[in-house]
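No value in this document is a laboratory result; all are computed from the given coordinates. Treat the numbers as computed from the prediction; the structure is a model and nothing was measured. No Cβ is skipped: glycine too gets one built from the backbone with ideal geometry, and neighbour counts run over all protein chains shown.
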């Protein structure tokens with residue numbers, strides 16, 4: 001009896017979440033898509049252009065909470081409906097499922113529907129797939145049976161799939177699939193939705209051709225100040241564009257989603273908040289695990305390491321290690337530099353732990369770090385002074401001087417053959433204003449490994 005009730009509920013949920021089976025135009029009945037369609041501010045995430053849609057493919061989209069993964073899947077469904085029969089597009093949000101057994105029932109129900117409907121190749125979009133306990137068991141079982149051999153799967157999830165080491169990239173089961181990290185809007189994307197087209201390209205272009213944006217420098221500087229307040233998460237970006245400020249509910253919704261992940265992972269919210277406070281108060285400074293543990297009360301050094309790692313696993317934090325400029329290799333025992341991955345996170349966490357957010361100069365440095373972390377492996381150099389950011393693999397280093405008239409940086413240290421100064425507004429040989437540099441730099445969804 002209980003089994004029949006569960007199956008009936010699942011069938012009802014499937015029908016509610018796939019209204020386009022009644023006709024392509026019914027996609028507007030889906031709440032997530034309707035919210036996007038009705039929004040005054042909208043854009044298409046670049047992650048959609050990097051998925052493999054060739055059968056068989058098992059794709060994963062990962063990213064911080066509220067970065068827009070659900071919307072991305074519904075936009076993908078809308079695009080697919082222009083190419084295939086409605087019955088060949090299956091979307092399901094797994095956040096109400098208890099465990100892998102219920103997830104498997106969902107998959108079985110769709111596979112039966114697919115067969116009855118005469119669908120050969122399908123697109124199966126599973127949102128928040130990490131909510132059901134041991135979710136990967138259901139997916140692996142069906143993959144190994146060959147049930148999806150002619151299909152494309154796109155699975156999105158909170159980053160507990162990395163924090164709990166659950167998927168280990170499904171070795172041998174991915175087909176042509178990719179794992180993509182969905183990031184908040186970069187500054188060049190942020191500028192474009194504000195009507196300033198920057199035609200951003202790779203880092204070589206940003207370093208040599210950013211002066212092309214000089215006529216737009218005033219507007220880009222204004223937008224960069226706004227970006228340091230809102231960041232690139234969809235909800236605060238829309239808030240600022242529509243209402244001129246980030247709503248308090250937007251901050252609280254983000255914090256609630258982080259708290260939910262902590263509860264699911266069975267991690268201490270108290271230790272997490274203490275680690276967050278330590279990162280905020282040591283923003284842009286070199287800091288040791290020992291300092292985070294003892295000065296901010298995060299238990300032992302081992303505990304501090306575990307919560308820093310957790311923040312990184314949730315894609316909320318970038319960590320820079322010291323780099324030997326002669327070898328280009330990290331120096332693991334040196335102090336670290338810790339940066340939250342978006343300005344919105346700084347402001348949200350500051351409200352959560354009731355401390356003052358870092359000043360604009362430190363937020364600007366964090367923005368540079370977060371953009372460059374999508375270009376290559378980042379570190380910093382403590383060698384006859386400090387270089388804030390090093391891309392040793394590219395032979396590049398940067399000093400961030402978000403103040404008045406910074407001196408140009410012309411040193412060459414070891415393998416770091418080109419050293420640039422990133423300023424607030426100053427332009428000189430080897431000196432580039434941050435708004436121009438980031439506007440000229442195109443970064444976006446990044447292919448990653450979760451193992």
- [ ] Give the span of the range 2-181's Cα atoms along each principal axis, as three whole-Å numbers ordered largest to smallest.
- [x] 41, 35, 30
Task: Cα-only Debye scattering, the range 187-447: base-10 log of I(q)/I(0) at q = 0.16 Å⁻¹ - done: -1.26
- [ ] On a 0 to 90° scale, report how tilted helix 343-353 is relative to the longest principal axis of the chain, with both axes built from alpha carbons and the result rounded to the nearest 10.
- [x] 90 degrees
Open item on the list: Test of understanding: ordering 269, 115 by Cβ neighbours within 10 Å, fewest first, what list do you get?
Closed with: 115, 269
Task: Centroid-to-centroid separation of the range 291-347 and the range 256-272 [C-alpha atoms, Å] - done: 18 Å
Open item on the list: Nearest 10 degrees is fine. How inclined is helix 234-243 to the longest principal axis of the chain, computing both from alpha carbons?
Closed with: 70 degrees
TODO: Give me the percent of DSSP beta bridges within the chain that run antiparallel, rounded to the nearest 5.
DONE: 35 percent
TODO: Sort the following peptides by mean Cβ neighbour count (other Cβ atoms within 10 Å, averaged over residues), highest first: 58-64, 210-216.
DONE: 58-64, 210-216
TODO: Measure nothing but the geometry: give the 0 to 90° angle between the long axis through the Cα atoms of 69-80 and the longest principal axis through the Cα atoms of the chain, rounded to 10°.
DONE: 60 degrees
Open item on the list: Using all alpha carbons of the chain, what is the percent of pairwise distances in each 10 Å bin, ordered from the shortest bin to the longest?
Closed with: 4, 20, 29, 25, 15, 6, 1, 0
